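Asks: What follows is a structure written as structure tokens; I'll ask about it next.
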Amino acid sequence: MIGFDAIALLRRPAATERTRVLDEGQQFIELRSTDLDRLVAAYRANGMSGRPERLQRRFDHGMRCFGIDERGELIAWFWALHGVPRYFDELAWQIPLSSTQVWLRDAFVVPRRRGRRLLIAMMGAGIDVEATPAEYFSDVSVSNLPSLRAHRSLGFERFATVRCLRVGARGFWRSAPPAGLPPPTGLRTEAKRLVLSPEELAWHRAQMA
């Protein structure tokens, strides 16, 4: 199996004020592992696999999930890493995040609620969750033009593009870590060409979420 990834890395300053408030009947909530069944149902209702073991692994790795509840229905959500590392399995990088950095992942708004700036509302509501973040990071496939446009509308700027060619489960040919990214740890980050040992492959798979 051969796979190629080209990924845009984006960042923006953390929100300092709310530029879009939630509508009446909407509530910004944090979803926890006890809400796993609700998350799985929301994923599957919108055509995604919503594998419970994968979502549980995210909680186990310290990821947090936030969303908008609208009269009992989950209409938008995103995952955030704050103070825990972001594992970039495409490049086998473990990216440390300080208490002033947040990495956002997999933001989603249900189709019938798109165009209402709900992601901006969620980011603004996040001010009440943590007072310390000073910078947001995110990553998007360069082929995902709608997501890149959405990130631009949220104030994200692209600061680098990283690429990786993967051969089978163990072979990587990858970009060097770019300037502006917290220096990654992980699997021999200085090496552009990498073949994982069985022990490294097991560690790599254990970090994936």
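Asks: Rounded to the nearest 5, what % of the DSSP beta bridges within the chain are antiparallel ones? Don't jump to the answer; show the numbers that get you there.
Replies: Values: 48 of 51 bridges.
Bridges in the chain are about 95 percent antiparallel.
Asks: Please state the shape class of the chain: rounded when a/c is under 1.5, otherwise prolate if a/b exceeds b/c and oblate if not, all from the C-alpha gyration tensor.
Replies: prolate
Asks: Output the direction-averaged projected area (hull surface divided by four) of the convex hull of the alpha-carbon atoms of region 54-143, in nm². Don't jump to the answer; show the numbers that get you there.
Replies: Details: hull surface 28.3 nm².
Mean shadow area of the hull around the Cα atoms is 7.1 nm².
Asks: Modelling each spin label as a point 7 Å along the Cα-to-Cβ direction, I'd like the Glu157/Arg114 distance in nm, to one decimal.
Replies: Using points 7 Å along Cα→Cβ, the separation is 2.7 nm.
Asks: Explain nothing, just compute: Karplus ³J(HN,Hα) = 6.51 cos²θ - 1.76 cosθ + 1.60, θ = phi - 60°, for every residue of region 61-68 in order, whole Hz, x for Gly and Pro.
Replies: 8, x, 6, 10, 10, 10, x, 10
Asks: Related question: Quickly work out the Val21-to-Ala134 label distance, labels modelled 7 Å from Cα along the C-beta direction, and quote it in nm with one decimal.
Replies: 3.0 nm
Asks: Mind checking the dipole of region 48-192: about its Cα centre, +1 per Lys or Arg Cβ, -1 per Asp or Glu Cβ, Debye to the nearest 20?
Replies: On the way: 22 positive and 14 negative charges, 121 e Å.
Charge dipole, region 48-192, about its Cα centre: 580 debye, nearest 20.
Asks: Another question, then. How big is region 1-111 in terms of Cα radius of gyration and Dmax, in angstroms?
Replies: 15.4, 49
Asks: Report, by chain and number, residues whose modeled amide H sits under 5 Å from the one on Tyr87, excluding near sequence neighbours (fewer than 5 apart, same chain).
Replies: Ile95
Asks: So, one more: Please give the contour-minus-distance gain from Ser143 to Leu201: 0.36 nm per residue of separation, less the Cα-Cα distance, rounded to one decimal in nm.
Replies: Details: separation 58, 0.36 × 58 = 20.88 nm, distance 2.76 nm.
18.1 nm is the gain from fully extending Ser143 to Leu201.
Asks: Using DSSP loop states and a limit of at most 10 other Cβ atoms within 10 Å to flag GluC sites (Glu not before Pro), what is the longest stretch of the chain containing no flagged site? Present the calculation step by step, with values, prior to reporting the outcome.
Replies: Details: sites that count: Glu17, Glu24, Glu190.
The reported range is 25-189.
Asks: Amide H to amide H under 5 Å from Leu187: which residues, 5+ apart in sequence or cross-chain, H placed 1.01 Å off N in plane?
Replies: Sorted by chain and number, the residues that satisfy this are Gln94.
Asks: Here's something else I'd like to know. Identify, among Ala80, Ser138, Leu196, the residue whose Cα sits farthest towards the positive end of the charge dipole of the chain, taking +1 on the Cβ of Lys and Arg and -1 on the Cβ of Asp and Glu, with the dipole about the Cα centre.
Replies: The residue sitting farthest along the positive end of the dipole is Leu196.
Asks: According to a simple spin-label model (label point 7 Å from Cα along Cα-to-Cβ), what is the distance in nm between Arg71 and Ser33?
Replies: 3.4 nm
Asks: Which value, in debye to the nearest 20, describes the size of the charge dipole of region 62-102 about its Cα centre when Lys and Arg Cβ atoms bear +1, Asp and Glu Cβ atoms bear -1, and nothing else is charged?
Replies: Working: 3 positive and 5 negative charges, 36 e Å.
For this selection, approximately 180 debye.
Every read-out reported here was derived from the displayed coordinates using simple, explicitly stated rules and does not represent laboratory data. Because the structure is a prediction, the values reported are computed rather than measured. Please note: Cβ atoms are built from the backbone with ideal geometry, for glycine as well, and neighbour counts cover all protein chains shown.
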